[in-house]
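Colleague: This structure is in structure tokens; I'll ask about it shortly.
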Amino acid sequence: MQSTANDTLTNLDTAKKLGLLPEEFEKIKQILGRTPNFTELSIFSVMWSEHCSYKNSITWLKTLPKDGSRMLAKAGEENAGLVDIGDGLACAFKIESHNHPSALEPYQGAATGVGGINRDIFTMGARPIAQLNSLRFGDIKLDRTKWLVKGVVKGIGNYGNAFGIPTVGGEVFFDECYNINPLVNAMSAGIVKVGETISATSYGVGNPVYIVGSATGKDGIHGATFASSDITEDSAKDLPAVQVGDPFQEKLLLEATLEVIKSGAVVGMQDMGAAGIICSTSEMSAKGEHGMKIYLDKVPTRQANMLPFEILLSESQERMLVVVTKGREKEIEKIFDKWDLNCELIGEVTDTKRLEYYMQGELVADVPAYDLVLGGGAPIYKREYTEPAYFAESKKFSIDQVQEPADINTVIQHLVSHPNIASKKWVVEQYDSMVGTVNMSTNNPSDAAIVNIKGTNKAIALTVDCNSRYVNADPETGCAIAVSEAARNIVCSGGEPTAITNCLNFGNPYNPEVYWQFVGAIKGMSKACLKFGTPVTGGNVSFYNQTSNGDKTEPVFPTPTIGMLGIVDNKEFFTSLSFKKEGDKIYLIGKSVNDIASSEYLYSFHKVKNSPAPAFNLDYEYAIQQGIRKLIQGKHIQSAHDCADGGLFITLLESAMPNNLGFDIVCDKTIRKDAFLFGEAQSRVVVSVSKEKEEAFINLLKKEAVDFSLLGEVSKGENSIDKQKIADTKELKNKFDTALANCLN
Amino acid sequence: MKFGVVIFPGSNCDQDMIYVLKNILKQEVVELWHKDTDLQGVDFVVLPGGFSYGDYLRSGAIARFSPIMESVIAFAAKGGYVLGVCNGFQILCEAGLVPGALLHNNNQKFICKNVFIKSQDKNTLLTQTIPQEKALKIPIAHGEGRYFADADTLKKLNANGQILFRYCDENGAVNDTANPNGAIENIAGVCNEGKNVFGMMPHPERAADAELNNTDGLYLFKSIIAMVTA
């Protein structure tokens, strides 16, 4: 192909500016058999960016367990994982990051993250029914952090609320490692009848190709490339790389898309996220082993005189690419017209396996689809990794180095008002958590969010979990803990852990110590997912989460967020975390450990930053969860709540608060009191048992050989530890509920 | 009884309302598309919650000009029953079918949570069978829900028994701390002078399914059905 007046031939300099490596530029020339023009080079640069190609992670991602009897689509095959939940229904679910845009423009960055993840779900034909998010910010005292928190939360809220899907769960965590680079991970889950899904594919020579939804503007150009480099002081110049969201268009697109799929006239469909038209045309064509001719001047644009590469790369939101069976164009057009959405015929399917883009009759780019995509010709790298010095250092920690505080009340006051522990009410009340009338946890709080599948006996359980401090302390163990905690949350709520999606937030993969964290996390995730029988259905990798300050680079804590789906086969098993009645017995399932490693208590009260991951054994964890499962299915317990951030004390308080009850407990004298109350050793669950069921409860645990111990009794609102009175629930709840608002206002 | 639930582009509580009326209360329900003008002979029109037309201008400001609203306005003028919930209430205010306006919440944030409301009058279709002293737990979910009316209007509303609900605490006490959005006189819902058009910010349809462990909203729906079937 000849270069045209509008489009000059490129050189290595241009390639570098677009984020390509010299060897990648050579490879592109080889593939094309000539030097690419600027449009073509831009195409390769976004498709081969880390964000689209997973070039530095795919080798390790392939080692994750992907098989399971319930899997209907394997990781990477479709836009989201697809899991058979029985009754002829499937759940499509996925988590994705929007970290880099949120660091620059928190409101739009977070909003479009929500939009993008929901499109991944409904482009498959599934109606989203629940959303979650996992957020990490820097030191809450900083003005920048407050600005980010307020913007991100408003962005998620305004988009998700208008879109009309409830936000049912999530996590918010603060640590100075996220000062510059916050993490914004959004998850969505949808339901579809088995066999009624639509694939992101394209075939059938002559079939028309449509672009539907919003017009294409100049926003988000090179967004994928932007997301594949470090955040620096200069990043603000990349503001046009941030997309702008319109939840109203998304809502219309949802309804129209599901209606169009029902018509049976759709061959394949994919939403436009990262890398816009180029990504959807190439991925669909590569999958269907066909080609496309696309006429870029037919694409509805927001601005006049957009250049071919701008139209191709634009990441304007709320758009879909739809391939339709020839002859059924009118049916499709009618449905989009009903919803007042653009629906433009922009091209057709060919048998060339090439993507030919035309502008005003002129061929402006001609590239092979297969060579652009992950699993095709996109580069794959093996990165080296080395263990960082801090890892050996942190293992030297011993609890004996820390003096036990004279008065535990100071610790209690510190923890209940710490932003990592305190109620996230200030955040979650800005999200519509009840639209759709499926959120069963609204009036019965539970460890995992329980979402009703109306008209069946079933519900699904959803949770997002990752304690990145643990992962930083020990990537392999920490990530296994993240999976285990997710599973524990689901089991405690009465569900069966079924599958996971992951959002892997790490620093720069070219830093061997960062890559060591990545490899460790993958190994830990594999081990834990195999143990729980929860295959990995997909997700997303976000590297380059770090701050460059002059020569110094600080990666964020390695943060492999786990989004887990569970199935509650019978809604009768749904178990909440709240104490129900004064006089009920409180038991600990699992065992107390003389351990405070990596706890919030050690980290923020004693300010000891380096310590190993908390005590954890995967087989023991599994046994405890099996015990809880049997207790729930035998209807032996009134409540179940796992011990997590803040330790046993916070677990007790969280169980006491919903019904304004309290607890009188005694400590295990064989370990330190601070370890007993505030340590974060894993595999522990606090349950309450009515007096009538206590005997059966004990018999079952003995028979199953599950560790347990009596902690005490549910009180009517006053609390005591070893017969010593401490602040009552009402007082603590007030602190717990207002702490975050006090920090932010 | 035949209900009609209007669907605007951007409505997102329409299906929740339909589920309660049809699946839980076993009533006949038809969907009324915003581009249509035929009310299909319904006895009762519901304007559901959501973000009609995106609500980018002012909540409800565009929806009130839709073709279906012309018919709803004519229906109400003839004494037909209309209930607007949340965005539906905002649309009713914009259309002038109920008095007052809904302003941004006083904390300038969207608020979604369970609140308590208390019925203020037994002489309306919506409230006639609700126990007067009971604090009903009904969720709110809105950014613009702060009810406002001028002094004269308020006087009239109070005198005519047009105030349907006020926000209260769980024991039924109407006070400032129980007011989630700064609504004047804690007003959560009002009706027109003819007592056939009702608007309220809280979502009764979100508190009507035993599977969600809160059915306080059923008091309202049963009140409606009781009168018409009586």
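The values are calculated or read from the model by the stated rules, or taken from the named source; none is laboratory data. Please read all numbers here as calculations on a predicted model, not as lab measurements. Virtual Cβ from ideal backbone geometry, glycine too; neighbours counted across all protein chains shown.
Colleague: Please give the number of the condition A:Ser214 fails out of (1) touching a Lys or Arg at 6+ places or on another chain (Cβ under 6 Å); (2) under 24 Å from A:Ile450 (Cβ atoms); (3) within 14 Å of another protein chain (Cβ to nearest Cβ).
Modeller: Failed condition: (2).
Colleague: Another question, then. Which of the residues spanning the stretch A:205-223 are in a loop (DSSP other than H, G, I, E, B) and either acidic (Asp, Glu) or in contact with a Ser or Thr (Cβ under 7 Å, 6 or more places away or on another chain) (or both)?
Modeller: Once the filter is applied, which keeps residues that are in a loop (DSSP other than H, G, I, E, B) and either acidic (Asp, Glu) or in contact with a Ser or Thr (Cβ under 7 Å, 6 or more places away or on another chain) (or both), the stretch A:205-223 yields A:Val205, A:Asn207, A:Ser214, A:Ala215, A:Gly217, A:Lys218, A:Asp219, A:Gly220, A:Ile221.
Colleague: Conditions: (1) over 34 Å from the mean Cα position of the chain (by Cα); (2) surrounded by 15 or more Cβ atoms within 10 Å (Cβ to Cβ). A:Lys330 meets all but one. Number of the miss?
Modeller: Of the numbered conditions (1) over 34 Å from the mean Cα position of the chain (by Cα); (2) surrounded by 15 or more Cβ atoms within 10 Å (Cβ to Cβ), the odd one out for A:Lys330 is (2).
Colleague: Next question. Could you grab the pairs with beta carbons closer than 7 Å, sequence gap of 6+ or different chains, first residue in the stretch A:277-296 and in contact (Cβ under 8 Å) with a residue 12 or more places away in the chain, second one part of a helix (DSSP H, G or I) and among the polar types (S, T, N, Q)?
Modeller: Short answer, once both residue conditions are applied: A:Gly291/A:Ser285; A:Met292/A:Thr281; A:Met292/A:Ser285; A:Ile294/A:Thr281.
Colleague: To continue, here is another question. Can you name every residue in the stretch A:82-103 that is in contact with a Leu (Cβ under 8 Å, 6 or more places away or on another chain), part of a strand (DSSP E or B) and either at positive phi or small (Gly, Ala, Ser) (or both)?
Modeller: A:Ala90, A:Ala92, A:Ser97, listed by residue number.
Colleague: I'm told A:Ser468 meets every condition in (1) out of contact with any strand residue (DSSP E or B) (no Cβ under 8 Å at 6 or more places or on another chain); (2) in contact (Cβ under 8 Å) with a residue 12 or more places away in the chain except one. Can you identify the failing condition by its number?
Modeller: Answer for A:Ser468: the failing condition is (1).
Colleague: Just one of (1) in contact (Cβ under 8 Å) with a residue 60 or more places away in the chain; (2) outside any loop (DSSP other than H, G, I, E, B); (3) charged (D, E, K, R) trips up B:Glu185, so point out which.
Modeller: (1)
Colleague: Here is a follow-up. Just one of (1) in a helix (DSSP H, G or I); (2) buried (at least 24 other Cβ atoms within 10 Å of the Cβ); (3) within 13 Å of chain B (Cβ to nearest Cβ); (4) not polar (S, T, N, Q) trips up A:Pro128, so point out which.
Modeller: Only one criterion is unmet by A:Pro128, namely (1).
Colleague: Moving to a separate point now. So, of the residues in the stretch A:515-565 that are in contact with a Phe, Trp or Tyr (Cβ under 7 Å, 6 or more places away or on another chain) and part of a loop (DSSP other than H, G, I, E, B), which turns out to be nearest to A:Asn467 (Cα to Cα)?
Modeller: Ranking the candidates gives A:Pro558 first.
Colleague: Here's something else I'd like to know. From the list A:Gly507, A:Gly455, A:Gly494, which residue is buried (at least 24 other Cβ atoms within 10 Å of the Cβ), over 19 Å from the mean Cα position of the chain (by Cα) and part of a loop (DSSP other than H, G, I, E, B)?
Modeller: Selected residue: A:Gly494, the only one of A:Gly507, A:Gly455, A:Gly494 that is buried (at least 24 other Cβ atoms within 10 Å of the Cβ), over 19 Å from the mean Cα position of the chain (by Cα) and part of a loop (DSSP other than H, G, I, E, B).
Colleague: Given the criterion among the hydrophobic types (A, V, I, L, M, F, W, C), closer than 27 Å to A:Tyr159 by Cβ and under 16 Å from the mean Cα position of the chain (by Cα), identify the matching residue among B:Leu57, B:Leu92, B:Leu83.
Modeller: The unique qualifying residue is B:Leu92.
Colleague: Are any residues in the stretch B:188-217 free of Cβ contacts under 8 Å to residues at least 24 places away in the same chain and either under 17 Å from the mean Cα position of the chain (by Cα) or within 18 Å of B:Lys118 (Cα to Cα) (or both), and if so, which ones?
Modeller: B:Thr215
Colleague: Applying the selection to the stretch A:260-314, what residues are closer than 20 Å to A:Asp351 by Cα and among the aromatic types (Phe, Trp, Tyr)?
Modeller: Correct list: A:Tyr295 only.
Colleague: Still on this structure, I have one more. How many residues are within 14 Å of chain A (Cβ to nearest Cβ) and within 17 Å of B:Asn23 (Cβ to Cβ) if we restrict to the stretch B:214-229?
Modeller: Residues that pass the stated criteria total 5.
Colleague: Going through the stretch A:20-63 one residue at a time, which ones are in contact with a helix residue (DSSP H, G or I) (Cβ under 9 Å, 6 or more places away or on another chain), polar (S, T, N, Q) and outside any helix (DSSP H, G or I)?
Modeller: Matches in the stretch A:20-63: A:Thr35, A:Ser49, A:Asn56, A:Ser57, A:Thr63.
Colleague: If you don't mind, there's one more thing I want to ask. Check A:Phe122, A:Phe173 and return the single one that is aromatic (Phe, Trp, Tyr), crowded, with 24+ Cβ neighbours inside 10 Å and at pLDDT 95 or above.
Modeller: Residue meeting the stated conditions: A:Phe122.
Colleague: Additional query: Which of the residues spanning the stretch A:705-738 are charged (D, E, K, R), part of a loop (DSSP other than H, G, I, E, B) and surrounded by 15 or more Cβ atoms within 10 Å (Cβ to Cβ)?
Modeller: Applying the first criterion (charged (D, E, K, R)) to the stretch A:705-738 yields A:707, A:713, A:716, A:718, A:722-723, A:725, A:728, A:730-731, A:733, A:735, A:737.
The next check asks that each one be part of a loop (DSSP other than H, G, I, E, B); those that pass are A:707, A:716, A:718, A:722-723, A:728.
Residues satisfying the conditions are A:Asp707, A:Glu718, A:Asp728.
Colleague: Yes or no: the stretch A:577-594 includes at least one residue that is out of contact with any strand residue (DSSP E or B) (no Cβ under 7 Å at 6 or more places or on another chain), among the aliphatic types (A, V, I, L, M) and modelled with pLDDT of 95 or more.
Modeller: Yes, the conditions are met somewhere in the stretch A:577-594.
Colleague: Filter the stretch A:532-572 for residues that are closer than 20 Å to A:Ile490 by Cβ, touching a Cys at 6+ places or on another chain (Cβ under 8 Å) and not hydrophobic (A, V, I, L, M, F, W, C) and give the result.
Modeller: Within the stretch A:532-572, A:Pro535, A:Gly539, A:Pro560, A:Thr561, A:Gly563 qualify.
Colleague: Considering only the stretch B:62-166, give the strands (runs of 3 or more DSSP E) lying wholly within it that have at least 2 residues that are within 14 Å of another protein chain (Cβ to nearest Cβ).
Modeller: Filter on the stretch B:62-166 gives B:111-119, B:135-142.
Colleague: Additional query: Does B:Val45 meet the test of being of a type outside the set (Ser, Thr, Tyr), out of contact with any Pro (no Cβ under 9 Å at 6 or more places or on another chain), under 23 Å from B:Thr215 (Cα atoms) and more than 14 Å from chain A (Cβ to nearest Cβ)?
Modeller: Yes.
Colleague: Then there's this: Do any residues in the stretch A:414-442 that are facing another protein chain (nearest Cβ under 7 Å) have Cβ atoms under 9 Å from those of residues that are outside any helix (DSSP H, G or I) and of a type in the set (Asp, Glu), where the two are at least six apart or on different chains, and which pairs are they?
Modeller: Partner pairs satisfying both residue conditions: A:Thr437/B:Asp209.
Colleague: I'd like to check something: does the stretch A:465-482 contain any residue that is away from chain B (no Cβ under 14 Å) and part of a strand (DSSP E or B)? Spell out the reasoning first.
Modeller: Here is the first cut: in the stretch A:465-482, the ones away from chain B (no Cβ under 14 Å) are A:465-482.
Then keep just the ones that are part of a strand (DSSP E or B); that gives A:465.
Looking for residues that are away from chain B (no Cβ under 14 Å) and part of a strand (DSSP E or B), one finds at least one in the stretch A:465-482, hence yes.
Colleague: For the stretch A:147-165, which positions are crowded, with 24+ Cβ neighbours inside 10 Å, more than 7 Å from chain B (Cβ to nearest Cβ) and assigned to a helix (DSSP H, G or I)?
Modeller: The answer is A:Leu148, A:Val149, A:Val152, A:Val153, A:Gly155, A:Ile156, A:Tyr159, A:Gly160, A:Phe163.
Colleague: Search the stretch B:1-38 for residues being free of Cβ contacts under 8 Å to residues at least 40 places away in the same chain and away from chain A (no Cβ under 14 Å), and hand back the single one that is surrounded by the most Cβ atoms within 10 Å (Cβ to Cβ).
Modeller: B:Leu32
One line per residue, one yes/no per condition, for (1) modelled with pLDDT of 95 or more; (2) under 27 Å from B:Ser52 (Cα atoms):
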position	(1), (2)
A:Glu259	yes, yes
A:Gly276	no, no
A:Ile294	yes, no
A:Lys298	yes, no
A:Gln303	no, yes
A:Leu307	no, no
A:Ser314	no, no
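Colleague: Answer yes or no: is there a residue in the stretch A:597-607 that is assigned to a strand (DSSP E or B) and either in contact with a Lys or Arg (Cβ under 7 Å, 6 or more places away or on another chain) or within 22 Å of A:Asp728 (Cβ to Cβ) (or both).
Modeller: No, the stretch A:597-607 has no match at all.
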